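Student: Dumping the structure here so I can ask a few things about it.
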Amino acid sequence: MPSNSTANPSEFPRDNNNNNNIINTGHIHHQHTSSSPPHATPTKRRFDDLNLNDRSAPQQPTSPSSSSNTNTAYSAPPPEEANNKRSRSELFAASSATHPTTAATTTTMSAKLKGKRPASGPPEIIDLTQGSNNSAGNSPVLASSSHHGGGHPHIRGPPISSSSSHNTGHRTSTAPLNPKGHGGNLNKTPGAGRNMNYLQTHIGARRLVVKNLRPVATQIQTEEAHYARIRGDLDAALKAVFGGQGAGAGGAPAFGGHSPSPGPGLSRSGVSSNNTTTGGQPMEKLYRGVEDICRRGKKESAELYEWLKDRCKAWLNSDEVLKSLLAASPSIAADRGGGEEDVILLKAVLSAWKRWIAQLLVIRWIFSYLDRSYLLPGGGGTTAADGKGKSSGATGKREGPTSVNDMGISAFRGAMYSSRSRNGANMQTIGARVVNAVCVLVMFDRLDDNRFDSQLLRESVAMLRLWGVYGKELEPKFINESREYVRRFAEERSESCGLKEYIDACERLLNRESERCDVYNFDSTTKRQLKDDAYQSLIFNYAEKLLDSGSVAKLLDANDLDSMKALYELLRLSGIQKRLKGPWEQYIRKTGAAIVSDTARGDEMIIRMLQLRRALDVMIRDAFCRDEDFTYGLRDAFGFFINDKSVSSSWNTGTSKVGEMIAKHIDMLLRGGLKTLPKALLSDVKDRQDAERSGIASTADEDAELDRQLDHSLELFRFIQGKDIFEAFYKKDLARRLLMGRSASRDAERNMLAKLKNECGSSFTHNLEIMFKDQELAKDEIASYKTWLAGRGEDSLVAKSDLDLSVNVLSAAAWPTYPDVRVLLPQNVLDHITTFDTYYKSKHTGRRLTWKHNLAHCVVKARFDRGGPKELLVSAFQAIVLVLFNEAEEKSPEGILSYGQLATATGMPDAELQRTLQSLACGKTRVLNKHPKGREVNKTDTFSVNRSFTDPKFRVKINQIQLKETKEENKETHERVAQDRQFETQAAIVRIMKSRKSMAHAQLVAEVINQTKQRGAVDAVDIKANIEKLIEKDYIEREGGNYVYLA
C-alpha cells in the first residue's frame, strides 16, 4: 500500500500571532457514522499538531451554493495512545450530506503558505473549501490507507481545491495537491510542472493555515432529528413485523444460516450482509437506535417502553387480529354442538398465538438493549427495591415495567379477555371460550370421541400456562367438570357392576386421569386435587360396596390376587384400607370354622388349613404390601376358630381336635418328607429370596424346605390353647417312629424337638428327650448283651440260633402307655427273650421288664415260586402268623390253615388277629390267599401261602398296619388327656391358694384359667367341681364368701 511522506512537526511552528490553526500535513483520516448522534459539546482532539480556530470568530452567512459537507478531519493518534478505547461520542461525526434533515452551515477554510520558495514554487495559500469548484477536474487527495493503532476504517477524505482564495495579498495556487490522486508519486522535484505536489516536504509551503473554521450551527436540532429518525425506523420495523415481514418460514425470524440471540450476540461492528432486514432497515441499525435512546436517559427509556407497549396492544386489539379469530369459528349446528365451536376457535387462537410469539421474538431482538438495561432490576425500571413500586413482600419482586417478553404475553392475554364473542345465547370473552374448549377436549378424550386432538390439548394447556390464567381460569373449571364426570361414572358403575368389575373400572379411570395430567402438561397440584376428588367420589362414597363382606369373600375364595390388590390400593388412596380388616377377619373365621367342623375330611384338616394360611400369606405379601395390620388380623382369626369350642364340639372329643391333627400332620412330614405335601404348599421364588435375605438357608434345599414346612405347622400349633392334646399324640407318634425306624431324617426329629423346646419350654419336651436318650442307650445295651451271649460258649442253644434279636429298653414314665396284648411266641423267639431277661436282671438289680410284643417288628426271609427269595418287613404279630404256615406245609402240601387254627396257635384276640390277617391277605401286598376272596376277614375263612407272589423289590414292607391308630386308641387318648387336665387343674388351684392364702370364687376361677390355658383350660363348671374335690380333701375351705388355704 503506498504511503505519503510525513512532514516533521518541528518544521512547522505554530503561528500564535495570527491565532491560526496549524494542521500537520500528515495522514488525513475521515470517519462518517450515520447512526451516531452529534453532540453539542465540541470534541476534544488528542493531537498536538491540531488547533481549532478561535471559536469567537464570526460565522459566515449560509450560502446555498456552498458545500454542506461538515466532515471533520483527524490525524493519526500517537502510537502510545492507539489502543486506548474511545467512547462512541468521541468517534461521532454527523454528516449533513448523508442526512438531509441536518441544518447545513457554510464554512470558509483557507491555508496560507509562508516561507521562502522559488518564484515558480508552490503558492503560499491553499484554499481547502472550494473542492466542489475544481474546474480542472482533478481528483482530490485520498487519505493514507495505513491504520494507526485503534484507528477507524478508511473513508474518503474531503476534496481539496485550488479554485479560490479568501486571504487578500497571498498567492493562490490552482494546481492540485495530488494530480494523480491516490497512488500518485508524491516526491516530485520542483521542476515537475503541473504534477508538482505542493505539500511535499522541502518543496511545498512551509505552513498550512486554516482560517474561519465554523462549528455546526444547530447541534440540538441535529440530535432531535436523529432520534426522530430512529423512532420512525422503529415504527416502520414494527409495522413490518406485524405484517409478517422480516421472518422466515414458520414465523421465526430468518437470518443467514443461524438465528442469533438478542443482546450480547449482536456484533458492534455490524451485521453480516445476508441478515434479514426489518422495515427496510438492518437489524443491527435498529438495535443501535434503541441503544442510543436508552443511553440518553431513563425518561427516554420509559417513553420508549410505553410506546412499544401501546403499539403491541393496538395491533393485538385491532380488527385485523380479532375479526380473523372470530371468523375462524363458524356456527355449529345444534346436533353437532357439544363445544365443537369453541374447539375450532381454540385452534384459531393457538395459531394466532404461535404467530405472535414469532413476532415477539423479533421485537425482543430489536429491543433487547431496552430489556437488558432499563427493564432489568436496578436498570431504571420501577422495582420494589427502589421504593417506587408496589412491594409484593420482602423479596423485592418487580411489579413495575416487565420485560418485553412478559409485556407481549400480557398484551395478548388482555386482547383475548377484552373482546367478547357470542357462544350460543351468551356473550363470552375469547379467553373464556378457550378455557371451555380445553375442557371439551378433555371430555372428548374421556369418551373416546374421534374429535379429540392430543396435540391441540397439549399446546393449549401450555399456552394457558404462559398466559398466567392456568390456576385462575383453567384449573377450577377443569376440576369442577372432572368431579361431576367422576360422580356420574361411580353412580353408573356401582349400580350395574359387581365388586370385581367396579374395582377394575375405577382402576382404569384413575390410571387414565393420572396419565392425562402427565402427558398434557397439567400441573402437579391439579393432578393431586383431581385424584383427591376421584378418591372421594369413587371410593369413600361407595365404601360400603367395596367393603361388603360377601363380595370380599368371593374374591378371597377365588384367590383373585389382582382384584384384592386393586381394592387395597383404592382403599389406601382414601386412607380407609384399615377398614378392610373387618371383612378379612370375618372371612378367615368363617372359612376356618368350616374346615375344622368338616368331620368327613378330618384327615385333610391341617392340609386345608395350611393351604388357607398360605393363600392369605401370599395375599398379604403381594396384595397388601406386607401390611402388619392384616397379619395381626389373620393370627387373631386363626386363634379364634381353632379354639372355638362350638366349632370343635362336632368331633365329640371334649378336647382340641386341631391339636391332634397337627401332631399327625407333623408325623406325616417326619415319616414321608416333602413328597406327602401338595405343591401349592411349597415355597416359591419370593419365599426363597426372603429366606436368603434373612440369613436362612435357601428353601430350594430339601432339608431347608422341610424345616420351613415344620415351621408352618408350628405356627398353627401356637394358636392352640390346650397343648396337652398335641403333646399326647405327638409323643405317641414319635414312639412309633423311633421303635419302628420309620423317621425320614433323624436330624429333622432333633430339629423338631428343639423347636418345641424353644416354643413351650423344657418341661414340655422333657419326656421326649428321654425317648431319644433311651434309643441311644438301647444300642449300647444290645451290644453288651451280644458280648455277654458270646462269652457263654458254643453249647448255648441261643448262640447257635439263626435268630438275631434286638431289644429296646424303654423308661415307662417317659414313653406312652401301651396296652398288654397276650400272644403265643414261637419257641426260638421265646428262648431269646428268656435269655435277655436273665441277662438284664443280672446286670440291673431291682428292675422289671414288661414286654410289649405289639410294638415289635421283624424281618422274615421268604421264598416264592415266581417271585423268588424276598425279605418281608412285618410286625411281630404278622411274623407269628407267617411262621405257622411253615409247619402247615410240612403236614399237608396245600398248607391251608383255618381262622380257628390260627387263633388257637397265636393266642391273639380276635380284633388283633383279624387286623393281622387282613393286612397279609387283603392289602396291596398279599403274601397269603384268603378263601373265599373278600376285603373282610370272617371266622369261617381259610388261608394259604400265595406262591405266585411277585414284587420288584427284594425287601417288601407289609407292617403299615402298626402305624395306623384305631378309633378305640384315639378315644382312649382323648379321655386320658381330659383326666390329666382335671389333675392339672387341681394342682393349679392348690398353687394359687398356697400363694394367695385367701381368694374369692371369681378371682380363683379366672386365675386358674389363665395358668392352665396353655396346657388346656377346662370350663368354669369343671373348675368349680375340682374346687369341691379339694375342699373334701381338706386342701381349702370356705370362709365367708372366700376360699382359704389350709396348711
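Student: Quick one: if you stick a label point 7 Å off each Cα along the C-beta vector at Ala462 and Gln611, how many nm between them?
Tutor: Each label point lies 7 Å from its Cα, and together they span 5.8 nm.
Student: What is the gain in length, in nm to one decimal, between Ala1006 and Ser646 on full extension, counting 0.36 nm per residue of separation less the C-alpha to C-alpha distance?
Tutor: 127.5 nm is the gain from fully extending Ala1006 to Ser646.
Student: Take Thr631 and Cys922, extend 7 Å from each Cα along the Cα→Cβ direction, and tell me the distance between the two endpoints in nm.
Tutor: Distance between the two pseudo-spin positions: 5.1 nm.
Student: Next question, about the same structure. Could you give the nm distance between label points at Lys852 and Lys1033, where each point is 7 Å from its Cα heading toward the beta carbon?
Tutor: Going from the Lys852 label point to the Lys1033 one covers 2.7 nm.
Student: May I ask which residue of Pro952, Asn938, Tyr1045 lies farthest towards the positive end of the charge dipole of the range 928-1047, with charges of +1 (Lys, Arg) and -1 (Asp, Glu) on Cβ and the Cα centre as origin?
Tutor: Going by the Cα projections, it comes out as Pro952.
Student: Using unit Cβ charges (K, R positive; D, E negative) and no other charged atoms, how large, in debye to the nearest 20, is the dipole of the range 709-799 about its Cα centre?
Tutor: Approximately 160 debye in magnitude.
Student: To continue, here is another question. Nearest 0.05, what FRET efficiency do Lys323 and Lys527 give at R0 = 45 Å with Cβ-Cβ as r?
Tutor: 0.75
Student: Could you name the lysines in cross-link range of Lys891, using Cα to Cα under 20 Å and dropping any fewer than eight places away on the same chain?
Tutor: Lys930
Student: A further question follows. Taking a probe of 1.4 Å, how large is the accessible area per residue of the range 414-527, in Å²?
Tutor: For the range 414-527, the solvent-accessible area averages 46 Å² per residue.
Student: If you count only protein heavy atoms and use a 1.4 Å probe, how large is the accessible surface of Glu507, to the nearest 10 Å²?
Tutor: 80 Å²
Student: Now a separate question. If you roll a 1.4 Å probe over the range 420-487 with all protein chains in place, what percent of the accessible area is carbon or sulfur?
Tutor: 46 percent
Student: Quick one: net charge around Phe864, please, counting Lys, Arg +1 and Asp, Glu -1 for every other residue with C-beta under 10 Å from its C-beta.
Tutor: Details: positive: Arg863, Arg866, Lys870, Arg947; negative: Asp865, Asp951.
Computed value for this residue: +2.
Student: With all protein chains present, how much of the accessible area of the range 491-566 (probe radius 1.4 Å) comes from carbon and sulfur, to the nearest whole percent? Provide the component values of the computation, followed by the final result.
Tutor: Details: 1620 of 3890 Å².
Whole-percent figure for carbon plus sulfur exposure: 42.
Student: What full-extension length gain, to one decimal in nm, is calculated for Cys497 and Ser410 as 0.36 nm per residue of separation minus the Cα-Cα distance?
Tutor: Gain on extension, Cys497 to Ser410, equals 26.3 nm.
Student: Here is a follow-up. Is any residue of the range 464-501 close enough, with backbone N under 16 Å, to a label point placed 7 angstrom from the Cα of Asp622 along the Cα-Cβ axis, and if so, which?
Tutor: none
Student: If you don't mind, another one. Would you work out what percent of the accessible area of the range 666-770, with all protein chains in place, is carbon or sulfur (probe 1.4 Å)?
Tutor: About 46 percent, which is the carbon plus sulfur part of the accessible surface.
The values are calculated or read from the model by the stated rules, or taken from the named source; none is laboratory data. As the structure is a computational prediction, the values presented were derived from the model and not from experiment. Neighbour counts run over all protein chains shown; Cβ positions are idealised from the backbone, glycine included. In case anyone asks, the SASA skips ligands and DNA or RNA and just uses the protein heavy atoms, side chains included. Shrake-Rupley method; radii C 1.70, N 1.55, O 1.52, S 1.80 Å.
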